[in-house]
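Enquirer: One structure coming up, written as structure tokens, with questions to follow.
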Amino acid sequence: MSLLHLLAGRPVIAALRTSDELDIALSSRVDHLFFMGGSLTDVIHGVRLAREQGKGAFVHLDLIRGLSSTDRESVEFVRDFVGANGIVTPKSHLIKEAKQAGLYAVLHLFVLDSLALASGLKMAQTMKPDAVELMPGVIPKVVSAFADALPDIPLIASGLIQTEDEANGILDAGATALSVSERALWNFEYGK
């Protein structure tokens, strides 16, 4: 199943930085969790609980203590021992490895200026990740540019999204989903 279809149900993804947030995320309305911090042991435990509750689990390779963010073996470890649905990474070679390993691959991009926008679009068009996560996520102009240029790749806006008005605005600009750490948005319903 395409990642677009998985994200279509509820557009908010809980971005977890600590294991203290896990219970709140599991009891919220979100369908997916991005593990963006903590130790490898915390993530293994959290992914297991998320999957038991039917929630998708994605591991940000660069942010987990005890996990290398540069090796193919880390991708295989996430698949075989962590049991996540996919990974999040800014590294193009790991996007390729994740896809070959049968995991969803989310390309994490920082778009801070016009050069980053152009190079990020080129990278996404070349790598064809399952989704692109854009940071910061509160810039409708950037979201619209990616949505127009990559109509078949889901866009996940992330970073600095703190209110329902911001969430609605970014989704209206073309984002497929939002990765947010703001707990008040974990029960957000688009358009309401």
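The values are calculated or read from the model by the stated rules, or taken from the named source; none is laboratory data. Quick caveat, the model's predicted, so the values are computed rather than measured. Backbone-built Cβ (ideal geometry, glycine too); neighbour counts: all protein chains shown. Please note that ligands, DNA and RNA were not included when accessible areas were found on the heavy atoms of the full protein model with its side chains. Shrake-Rupley method; radii C 1.70, N 1.55, O 1.52, S 1.80 Å.
Enquirer: Out of the residues in region 26-69 that are out of contact with any Asp or Glu (no Cβ under 9 Å at 6 or more places or on another chain) and of a type in the set (Ser, Thr, Tyr), which is surrounded by the most Cβ atoms within 10 Å (Cβ to Cβ)?
Expert: Step by step, filter region 26-69, then rank; the result is Ser28.
Enquirer: Let me ask another. With the requirement that a residue be open to solvent by 40 Å² or more (accessible area, probe 1.4 Å), of a type outside the set (A, V, I, L, M) and part of a helix (DSSP H, G or I), what does region 119-141 give you?
Expert: Correct list: Ser119, Lys122, Gln125, Thr126, Pro140, Lys141.
Enquirer: For region 142-186: of the residues being over 15 Å from Ala15 (Cα atoms), of a type outside the set (A, V, I, L, M, F, W, C) and in contact with a Phe, Trp or Tyr (Cβ under 7 Å, 6 or more places away or on another chain), which is surrounded by the most Cβ atoms within 10 Å (Cβ to Cβ)?
Expert: Per the criteria, the residue is Asn168.
Enquirer: Only strands (runs of 3 or more DSSP E) wholly contained in region 1-92 count here; list those with 1 or more residues that are in contact with a Gly (Cβ under 6 Å, 6 or more places away or on another chain).
Expert: 32-35, 56-60
Enquirer: Among the numbered criteria (1) at pLDDT below 95; (2) under 20 Å from Thr89 (Cβ atoms); (3) more than 16 Å from the chain's Cα centre (by Cα), which one does Gly137 miss?
Expert: With respect to (1) at pLDDT below 95; (2) under 20 Å from Thr89 (Cβ atoms); (3) more than 16 Å from the chain's Cα centre (by Cα), Gly137 is out only on (3).
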